[in-house]
Amino acid sequence: MAHLRDDIVFSTRLKGRPLTFRSTWGLFSPREVDEGSRLLLDHLEVADHHDCLDLGCGYGPLGITLAALAPRGRTLLVDKDFVAVDYARRNIAGNGLANAEAMLSNGFSAVGERPFDLVVSNLPAKVGKELLSILLHDAHRHLRPGGRLCVVTVNGLRRFIERNFKDVFGNYDKRKQGAHYTVALARRED
């Protein structure tokens with residue numbers, strides 16, 4: 001029983017980068033990077049100077065990958081779970097990423113007015129459509145003109161995301177639909 005309290009540690013390759021993660025029971029997909037996050041990363045382009053935000057970062061696989069791909073930019077990882085933020089901070093340090101930071105934030109509540117070129121999220125299906133709508137509007141407000149929001153959702157939310165991307169951003173690009181997950185992108189055009 002005592003061994004269950006030990007950190008879960010695993011190494012993997014994301015976007016061609018070798019990364020090591022520490023996690024714990026109670027966080028989402030603690031033993032490996034989940035299928036949805038991998039699908040999102042496989043269909044995402046990041047410039048080396050982009051400022052990025054990982055919304056709902058968990059222990060940090062998306063944000064840490066973005067920070068590794070954008071060494072001349074700054075990457076912020078946020079989550080409302082203090083345990084997730086603690087592990088994201090450990091994983092940022094453990095992967096030697098000086099251009100990333102993690103902080104506690106309920107959505108964008110603690111982000112301030114900081115602008116981003118790219119916002120990513122593995123959106124949970126069970127947070128409710130009201131919160132998803134708030135997050136999309138807040139993402140639009142925090143993106144620079146030309147900035148992109150890229151999300152992965154369970155396939156059951158793809159029509160909701162399509163409608164709301166078009167309402168909030170005026171555009172919608174389905175990047176990939178897999179067996180269980182859909183990756184979608186919207187661009188701030190103004």
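The values are calculated or read from the model by the stated rules, or taken from the named source; none is laboratory data. Keep in mind it's a predicted model, so treat the numbers as computed, not measured. Please note: Cβ atoms are built from the backbone with ideal geometry, for glycine as well, and neighbour counts cover all protein chains shown.
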How do the pairs read when you match residues in the stretch 165-190 that are exposed (fewer than 15 other Cβ atoms within 10 Å of the Cβ) and among the aromatic types (Phe, Trp, Tyr) with residues anywhere that are in a loop (DSSP other than H, G, I, E, B) and modelled with pLDDT under 95, using Cβ under 6 Å and keeping only pairs 6 or more apart or on different chains? none
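Where in the stretch 70-134 are the strands (runs of 3 or more DSSP E), entirely inside, with at least 1 residues that are of a type outside the set (Ser, Thr, Tyr) and free of Cβ contacts under 8 Å to residues at least 60 places away in the same chain?
75-79, 100-104
Okay, residues lined up against (1) at pLDDT below 95; (2) of a type outside the set (Phe, Trp, Tyr); (3) part of a loop (DSSP other than H, G, I, E, B); (4) under 19 Å from ASP81 (Cα atoms):
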| position | (1), (2), (3), (4) |
| --- | --- |
| TRP25 | no, no, yes, yes |
| SER29 | no, yes, yes, yes |
| SER37 | no, yes, no, yes |
| VAL46 | no, yes, yes, no |
| ASP54 | no, yes, no, yes |
| TYR59 | no, no, yes, yes |
| LEU62 | no, yes, no, yes |
| ALA67 | no, yes, no, no |
When you look at GLY156, is it part of a strand (DSSP E or B), without any contact (Cβ under 8 Å) to a residue 60 or more places away in the chain and over 17 Å from the mean Cα position of the chain (by Cα), yes or no? no
Name every residue in the stretch 51-88 that is in contact with a helix residue (DSSP H, G or I) (Cβ under 6 Å, 6 or more places away or on another chain) and closer than 17 Å to ASP138 by Cβ, in order of residue number. CYS52, ASP54, CYS57, LEU77, ASP79
